[in-house]
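Heads up: the structure comes next, in structure tokens.
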Amino acid sequence: MIPQLGISLSFPDPSCANEQGIVAYGGDLSPSRLLLAYRSGIFPWYAEGDPILWWSPDPRLILHVNDFKLRRSLRKKLPTFEIRLDSAFSEVLIQCATTPRPGQKGSWILPEIVEAYTTLHDMGHAHSVEAYCNGTLVGGLYGVCVGRVFCGESMFSHQSDASKAAFAYLIEHLKAKGYDFIDCQIPTEHLKSLGAVEVCREEFLRQLNEATRESDVLAAW
């Protein structure tokens, strides 16, 4: 049985997730619950018409900032783009939600998700990186910061290598700010090619706990 969240601000132990990685369902998308979820190694992911599902998959994909592999071909493309930080957060969410993806119907980035994460952004906990070409937004990504961890949520690209350029800039920014790693959540071959590695849930939670012992890194981006 998957536990149902009540009004109390708490989550079950993520180690008790089912085989698919679902920890619980229900609850809300309030800032306090979302931040508690990320600090606990849990994130929301659900489809329209479904209850909120809270996940902690095993294995987990993470990318330590010092392990990022910048391909020579991408390095040559970087000057093509102008990279900005937090210049169009809501637009990045909308583009992530509406950009067609092969083999995927619809999007989990529903209007209530956009509203909830925009609130986190206004509070200084969620950030976006945007790639522009000739003044037009052509790619970007967003995520949530907890301690020294950037929890990546989604990215989009309307031009070849635009989201990769944003990601490369993000890595350098996180290095400068003293972050440890990016939580990439679900394993993909693309992110593995950039240096991300799979770790078991127990190891992920250990590293997350170590990286969130201090207060949130809320220095201006």
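The values are calculated or read from the model by the stated rules, or taken from the named source; none is laboratory data. Only a predicted model underlies this, so the values are computations on that prediction, with no experimental measurement involved. Don't worry about glycine lacking a Cβ; one is built from the backbone with ideal geometry, like all the others, and counts go over all protein chains shown.
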Between a residue in the stretch 160-185 that is assigned to a loop (DSSP other than H, G, I, E, B) and any residue that is crowded, with 23+ Cβ neighbours inside 10 Å, which pairs come within a Cβ distance under 6 Å, given they are 6 or more apart or on different chains?
Tyr179/Phe150
What about Ser154, is it at pLDDT 95 or above, closer than 22 Å to Leu205 by Cα and assigned to a strand (DSSP E or B)?
yes
Taking the stretch 28-47 as the search range and keeping residues that are assigned to a loop (DSSP other than H, G, I, E, B) and touching a strand residue (DSSP E or B) at 6+ places or on another chain (Cβ under 9 Å), which one is surrounded by the fewest Cβ atoms within 10 Å (Cβ to Cβ)?
Ala47
What's the number of the only condition in (1) of a type outside the set (S, T, N, Q); (2) in contact (Cβ under 8 Å) with a residue 12 or more places away in the chain; (3) touching a Ser or Thr at 6+ places or on another chain (Cβ under 9 Å) that Leu120 fails to meet?
(3)
Quick one: Ala176 ticks every box in (1) over 28 Å from Ser15 (Cα atoms); (2) of a type in the set (A, V, I, L, M); (3) surrounded by 18 or more Cβ atoms within 10 Å (Cβ to Cβ) except a single one, so which number is it?
(3)
Out of the residues in the stretch 134-145 that are more than 16 Å from Tyr179 (Cα to Cα) and out of contact with any helix residue (DSSP H, G or I) (no Cβ under 7 Å at 6 or more places or on another chain), which is surrounded by the fewest Cβ atoms within 10 Å (Cβ to Cβ)?
Gly135
Considering each of Ile22, Ile62, Ile7 in turn, give the residue that is hydrophobic (A, V, I, L, M, F, W, C) and in contact with a Cys (Cβ under 9 Å, 6 or more places away or on another chain).
Ile62
Out of Arg39, Arg33, I need the residue that is under 20 Å from Gly147 (Cα atoms), within 17 Å of the chain's Cα centre (by Cα) and touching a residue at least 60 places away in the same chain (Cβ under 8 Å). Which one?
Arg39
Lone unmet requirement of (1) out of contact with any Phe, Trp or Tyr (no Cβ under 7 Å at 6 or more places or on another chain); (2) crowded, with 17+ Cβ neighbours inside 10 Å for Ser87
(2)
What do you reckon, is Ser56 small (Gly, Ala, Ser) and more than 20 Å from Ser40 (Cβ to Cβ)?
no
Can you confirm whether the stretch 146-164 contains a residue that is surrounded by fewer than 17 Cβ atoms within 10 Å (Cβ to Cβ), of a type outside the set (D, E, K, R), at positive phi and not assigned by TED's automatic domain parsing to the domain that holds Ser15?
no
Top-ranked residue of the stretch 110-133 - restricted to ones that are in contact with a Cys (Cβ under 8 Å, 6 or more places away or on another chain) and assigned to a strand (DSSP E or B), ranked as surrounded by the fewest Cβ atoms within 10 Å (Cβ to Cβ)
His127
